[in-house]
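Novice: One structure follows; several queries about it will come next.
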Amino acid sequence: MTLMAARIVSVMLALGLAAASAQSDFIRFKTYTAEEDARILKLFEGLRVADVSDGMDMAGLQDVGLMDPSIHALWRDTNDFSHRFVGIAVTVRYLPTNRRASKMSADEFRKWEAAWYKELSPEPFVQFLRKGSVVVIDGTDDGDTGTIGSNNILGWKLRGAVGVVTSGGVRDTDEIIKQKVPLYARRLGRGIRPGRNEVESVNRPITCGGVMVRPGDVVVADGDGVIVVPREHAEEVARHARTILEGDKAGRRRLYEKLGMPLDETVK
């Protein structure tokens, strides 16, 4: 091989490596079985965001996983706490589109809308949902877009999702509140997805509420907000959090008794 040919090959290899690296996934994560998920969820059963946050502190993970408090419960049930959930993250990222459609007839619009939902802004994450899943959506910058509505959120629940968390928008909020599907969101979003956003990735690491969320991470949500536990630390965090919860229950139970308050489920 001549010197010139060697240089050409070297440049081509460098360009090839650069192109490959531009398409590489640098944040690694594992895939877990349904049985592994169920075992971890059992450890977190009944734990509150406060307990898990303290457990993270004890594991050396201070302020890791706590989503911005602007992401909060759409509704709260102070009797049965049915707005709370613990689940396993299934992630999706939607980006604001750079495409626009011109004015069209009603028939043309319906065809255009259906095509957009099918080709540009579908819900390919649905295939990954199973019992105990949490849909976590990175929709931070997709504007006044209601990626979540009263119809599709029921479909996700039907597939096993225990709740939804989004940094983007939600619409049909009156119906969602009535349906009592746990939802934690940052804002309202009145517009439909067509003409506003496109799906970028599914089951890849995302950011939501200023926190990294990877597929398989543990998500805990209640009236205090949302916390994400890195899966590799989940068992240790759950163990610490359980001790904290039991101590809190015992302390408050004694105060209930001194005050003559009837015991409720939070102290039993």
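Novice: Where residues in region 99-137 are out of contact with any strand residue (DSSP E or B) (no Cβ under 9 Å at 6 or more places or on another chain) and assigned to a loop (DSSP other than H, G, I, E, B), which of them is modelled with the highest pLDDT?
Specialist: Across region 99-137, the extreme among qualifying residues is Lys131.
Novice: Do we have Asp68 as acidic (Asp, Glu), in a loop (DSSP other than H, G, I, E, B) and under 30 Å from Phe44 (Cβ atoms) here?
Specialist: yes
Novice: Hey, can you tell me all the residues within region 75-98 that are assigned to a loop (DSSP other than H, G, I, E, B) and either over 16 Å from Tyr184 (Cβ atoms) or of a type outside the set (A, V, I, L, M, F, W, C) (or both)?
Specialist: Arg76, Asp77, Thr78, Asn79, Asp80, Ser82, His83, Arg84, Thr97, Asn98
Novice: Now a separate question. Determine which single condition Gly247 fails, assuming it passes every other condition in (1) buried (at least 17 other Cβ atoms within 10 Å of the Cβ); (2) over 20 Å from Val162 (Cα atoms); (3) not basic (Lys, Arg).
Specialist: Condition (1) is where Gly247 drops out.
Novice: Something else now. Looking at region 95-108, I want the residues that are within 17 Å of Asp142 (Cβ to Cβ) and have a partner that is aromatic (Phe, Trp, Tyr) and not in a loop (DSSP other than H, G, I, E, B) with Cβ atoms under 8 Å, at least 6 apart or on another chain. Which pairs are those?
Specialist: Short answer, once both residue conditions are applied: Ala101/Trp112.
Every residue, every condition in (1) surrounded by fewer than 19 Cβ atoms within 10 Å (Cβ to Cβ); (2) of a type in the set (D, E, K, R), yes or no:
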{"position": "Ser167", "(1), (2)": "no, no"}
{"position": "Asp174", "(1), (2)": "yes, yes"}
{"position": "Ile177", "(1), (2)": "yes, no"}
{"position": "Pro182", "(1), (2)": "no, no"}
{"position": "Gly191", "(1), (2)": "yes, no"}
{"position": "Pro194", "(1), (2)": "no, no"}
{"position": "Glu198", "(1), (2)": "no, yes"}
{"position": "Ile206", "(1), (2)": "no, no"}
{"position": "Val211", "(1), (2)": "no, no"}
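Novice: Spot the failing condition for Arg196; the list is (1) at pLDDT 95 or above; (2) closer than 23 Å to Asp142 by Cβ, and only one is missed.
Specialist: Unmet condition: (1).
Novice: Of the residues that make up region 51-67, is at least one of a type in the set (Gly, Ala, Ser) and over 16 Å from Pro230 (Cα atoms)?
Specialist: Scanning region 51-67, I find no residue that is of a type in the set (Gly, Ala, Ser) and over 16 Å from Pro230 (Cα atoms), so the answer is no.
Novice: Within region 138-151, take every residue that is out of contact with any helix residue (DSSP H, G or I) (no Cβ under 9 Å at 6 or more places or on another chain) and outside any strand (DSSP E or B) and give me the one that is modelled with the highest pLDDT.
Specialist: Gly139
Novice: Tell me which residues, restricted to region 65-86, are crowded, with 18+ Cβ neighbours inside 10 Å and touching a helix residue (DSSP H, G or I) at 6+ places or on another chain (Cβ under 7 Å).
Specialist: Gly65, Leu66, Val86
Novice: Inside region 153-185, can you point out the residues that are assigned to a loop (DSSP other than H, G, I, E, B), touching a Gly at 6+ places or on another chain (Cβ under 7 Å) and at negative phi?
Specialist: Val162, Ser167, Gly168, Arg171, Pro182
Novice: Now a separate question. Give the residue, chosen from Ser201, Ser167, Ser150, that is of a type in the set (Gly, Ala, Ser) and touching a Cys at 6+ places or on another chain (Cβ under 6 Å).
Specialist: Ser167
Novice: I've got another one for you. Step by step: first the residues of region 138-163, then only those that are touching a strand residue (DSSP E or B) at 6+ places or on another chain (Cβ under 6 Å) and charged (D, E, K, R), then the one that is farthest from Leu41 (Cα to Cα). Which residue is that?
Specialist: Asp144
The values are calculated or read from the model by the stated rules, or taken from the named source; none is laboratory data. Remember, it's a predicted structure, so these values are computed and weren't measured experimentally. Note that we place each Cβ from the backbone using ideal geometry, even for glycine, and neighbour counts take in every protein chain shown.
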